[in-house]
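Trainee: This structure is in structure tokens; I'll ask about it shortly.
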Amino acid sequence: LDSKILERFESHRKIDAAAENGASDSKPTEKKRGCKKGAAKEGEASTAGFEVDMFGNVRARDTGMKSSKRQSVKLFEAHRGDEIRLEIEDLRRLCVEKQNLRAPAGQASKRAGVAYAETLKRVLPLGVGADDSGNAGSTAARTAQRLAQDFGLGEVAAAAGPKAAARVAAHLEACFDPDSGCIDFDALFPPAPPQDLQLASAGRGGAPFARTARGAPVKMELASGHGEWAAAQAREDPAARWVCVELRHDRVAATAARMHLQGLANLAAVGPVDAGRLLGKFVAPGSVDEVFVNHPEPPERTGEFAGQGAHLLTDAFFAKVARALKPKGTCTIVTDNMAYALALARSVAARDDLGSARLLRRGPHYQDLHETVGGVKVWVGQPGAECGHVKRASSFFDRMWTKGQKTKRFTLFLENQAQES
């Protein structure tokens, strides 16, 4: 099963690469934009840009690129190599652990299958398509089909029997509200039958699956990447239900593998799905306690953020976040880009539904209040537990910016201004 997980993980990388190639093929040509093919505006570097291979490596393919961009690409390439080496080391340790945890031959396959079935109950590959009919039955059926196609539900049936896979499908049907089609978080994180928990624990070498109570806080990380940060929070905060939301197939697969291998029963992976689409179509109003966005990509690289270009944290997105949060629910945003942090503060300041949350105490890592923009505070430094970061943990982009000597972090700690009814 573990080898199957790795095969699936590699297939997800290929799916994302194909999607990227399709997107680049569908972009307007230079001629349609009013420029001759290959021509560049006077005073600008050539715009041949980057190329991305199937493993996500970004390479410069234009010798006329500005030196600052070349340095940025070199930094990314070096960092990507370091991250791959970390993955290889993790897999090496996993293989050693699995060799030391051999179960009796007659039970090993079934135990592993039941353990992975427990993980798949908290993986919701909603897809990046536009089918938002709101029909809970069809959403659950499509989700089960994607689990079988891309996440190994078929291997579960082969290892643990068809009943184990059928229980996963039945669980998915209960995860979506029949009226609204939204995710029912109480159903997504259910108490498992004792016999399943016993087998699942044995399938992981005896490590227990912790369970959260119904009605426990729901904490959601958007654009969660490989799930490292959220997994660290879930381990430190077992009384809460943590949800990773990610757009890329390979990163969702990595999160699912992390959930399975670490036995994190209070962590779920939702994706591949656009975060804005999820909040607007599949998250009920007032159902989330805390939202986290770590290192969002700015809309432009020039430092000018006047427009609402291709980036996540637009005005429409903030409206969806406010809708999803409970009254006084919080949203914590961390970025290394000071100009972007100030632009986000200006965007929030123009809203009535979101505002700065009150910090009851200063975190140990805060340096100072950087600036207040229209009543919205921008902090300098890493957020602590008072902002929902219960565990100091790094992620792919956090490590990359640190290697590039961008060590300052700017934090917005926001809350839903709606009053409780």
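Trainee: Test of understanding: what is the full-extension gain from residue 262 to residue 359, defined as 0.36 nm times their sequence separation minus their Cα-Cα distance?
Mentor: Gain on extension, residue 262 to residue 359, equals 31.7 nm.
Trainee: Next question. Kindly state, to the nearest 0.05, the FRET efficiency for residue 170 paired with residue 315, given R0 = 41 Å and r defined as their beta-carbon distance.
Mentor: Computed FRET efficiency for residue 170 and residue 315 comes out at 0.55.
Trainee: I've got another one for you. Sort 376-386, 140-150 for me by packing, meaning the mean count of neighbouring Cβ atoms within 10 Å per residue, highest on top.
Mentor: Sorting 376-386, 140-150 by mean packing, highest first, produces 376-386, 140-150.
Trainee: Pairs 320/408; 377/408; 219/328: which exceed 20 Å Cα-Cα?
Mentor: Distance filter (> 20 Å) returns 320/408.
Read-outs throughout are calculated quantities, based only on the coordinates presented, and are distinct from any laboratory measurement. Just so we're clear, the structure is a prediction, and the values are computed from it rather than from any experiment. Positions of Cβ are generated from backbone atoms using ideal geometry, with glycine treated the same way; all protein chains shown enter the neighbour counts.
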